[in-house]
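**Student:** Before we start, here is the structure in question, set down as structure tokens.
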Amino acid sequence: MQWSEEGFVLVARRHGESSAVVSLLTAGHGRHAGLVRGGSRQRGVIQPGNRVMATWRARLADHLGSFTLEGVSSGLGVILPDRGRLAALTAACAVAEAALPERHPYPRLFRAFERLLAVLASDRDWGEPFVRWEITLLDELGFGLDLGSCAVTGATEGLAYVSPNSGRAVSDGAADPYRDRLLPLPRFLVAEVAADAAAVGQGLRLTGSFLERHAFTPHGRKLPAARHRLLGMISMATTSPGVITVAERT
């Protein structure tokens, strides 16, 4: 058994004295792990977020198999000095590693992940793209949010909340009877407005709630610690501007 494809490193775990088990996100083979012999000598290649050309070989399809990896590109030079971008990269890799079933291809999600990493490796705002990437992840896992119209009235204006049960939007006017049980819907998801730190925090709480409920809790798992740290940093940014920059403030 053998295949070759480009992918992004999600995580590398030490195996024995000099090898590593590396998990990649690929378009055609999904989240896929393999043994990298001599991985300790390839630390620069197997850093999370790096793009690599991978060749996987195994005697049988259900074996762990081994990877031969060659570095293609890395945005770590831009990301590493920026603690916000680094936290976002770490969180994205951790969520993808923990939420995705192994060896199930998600080409659309791969492309969304590719776009997110391109944003993180640039000087563009990354808060809104991160939230939208998690929305794509939910959609690909079968738990997509319906933010196009109010679940109660069908209205397409004034959408301000999301039902934690149905994942559907609820307008401000229709929310009164159960407002305290609804999740705030950040405006940038339904209108062309800038996403400041407070709005990004709302977005992360929204997607995090559905990820935890549908992708993690049923399997006895929790949201990765890296994801909680990212939300904590965003929350700090709302009270201490300049701690982390996720978007232009207006």
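The values are calculated or read from the model by the stated rules, or taken from the named source; none is laboratory data. If you're wondering where the values come from, they're calculated on a predicted model, not measured in any experiment. So basically every Cβ, Gly included, is an ideal-geometry build from the backbone, and we count neighbours across all protein chains shown.
**Student:** Within the set of pairs 6 or more residues apart or between chains, which connect a residue that is at positive phi and in the same structural domain as Val162 (by TED's automatic domain parsing) inside the range 205-231 to a residue that is part of a helix (DSSP H, G or I) and hydrophobic (A, V, I, L, M, F, W, C) with Cβ atoms less than 8 Å apart?
**Tutor:** Qualifying pairs under 8 Å: none.
**Student:** Name every residue in the range 1-35 that is farther than 20 Å from Leu100 by Cβ and in contact with a Phe, Trp or Tyr (Cβ under 9 Å, 6 or more places away or on another chain), in order of residue number.
**Tutor:** Met1, Gln2, Ser4
**Student:** Select, from Asp196, Asp176, the only residue that is over 15 Å from Trp133 (Cα atoms), modelled with pLDDT under 95 and surrounded by 15 or more Cβ atoms within 10 Å (Cβ to Cβ).
**Tutor:** None of the other options fit; the residue is Asp196.
**Student:** Which is surrounded by 21 or more Cβ atoms within 10 Å (Cβ to Cβ) and either on the phi > 0 side of the Ramachandran plot or of a type outside the set (D, E, K, R) (or both), of Gly75, Gly39?
**Tutor:** On the way: Gly75 fails: surrounded by 21 or more Cβ atoms within 10 Å (Cβ to Cβ).
None of the others qualify; the one that does is Gly39.
**Student:** Which residue pairs have Cβ atoms under 7 Å apart, sit 6 or more places apart or on different chains, and have a first residue in the range 131-146 that is at negative phi and a second that is surrounded by fewer than 19 Cβ atoms within 10 Å (Cβ to Cβ) and among the small types (Gly, Ala, Ser)?
**Tutor:** Cβ pairs passing all conditions: Leu138/Gly144.
**Student:** Among the candidates Arg59, Arg83, Arg31, single out the residue that is within 18 Å of Pro224 (Cβ to Cβ) and surrounded by fewer than 18 Cβ atoms within 10 Å (Cβ to Cβ).
**Tutor:** Arg83
**Student:** I need the full set of residues from the range 139-154 which are closer than 23 Å to Glu192 by Cα and surrounded by 14 or more Cβ atoms within 10 Å (Cβ to Cβ), in order please.
**Tutor:** Correct list: Asp139, Gly144, Leu145, Leu147, Ser149, Cys150, Ala151.
**Student:** Kindly provide the set of residues from the range 200-240 that are surrounded by 15 or more Cβ atoms within 10 Å (Cβ to Cβ) and not in a helix (DSSP H, G or I), ordered by number.
**Tutor:** Selection gives Leu223, Pro224.
**Student:** Let me ask something else about it. What do you reckon, is Arg124 basic (Lys, Arg), exposed (fewer than 15 other Cβ atoms within 10 Å of the Cβ), out of contact with any Ser or Thr (no Cβ under 6 Å at 6 or more places or on another chain) and closer than 22 Å to Gly232 by Cα?
**Tutor:** Yes: the conditions hold for Arg124.
**Student:** Looking at the range 78-190, what strands (runs of 3 or more DSSP E) fall wholly within it and have at least 3 residues that are in contact with a Cys (Cβ under 8 Å, 6 or more places away or on another chain)?
**Tutor:** 168-171
**Student:** Follow-up. Can Glu70 be described as surrounded by fewer than 16 Cβ atoms within 10 Å (Cβ to Cβ), part of a loop (DSSP other than H, G, I, E, B), outside the structural domain of His214 (by TED's automatic domain parsing) and not aliphatic (A, V, I, L, M)?
**Tutor:** Here the answer is no, as Glu70 does not meet what is asked.
**Student:** Here's another thing I want to ask about it. Considering only residues that are over 23 Å from the mean Cα position of the chain (by Cα) and not charged (D, E, K, R), look in the range 1-19 and name the one that is surrounded by the fewest Cβ atoms within 10 Å (Cβ to Cβ).
**Tutor:** Selected residue: Gln2.
**Student:** Report, ordered by the first and then the second residue, all pairs with beta carbons closer than 9 Å, sequence separation of six or more or different chains, a first member in the range 36-50 that is assigned to a loop (DSSP other than H, G, I, E, B), and a second member that is among the acidic types (Asp, Glu).
**Tutor:** Short answer, once both residue conditions are applied: Val45/Glu70; Pro48/Glu97.
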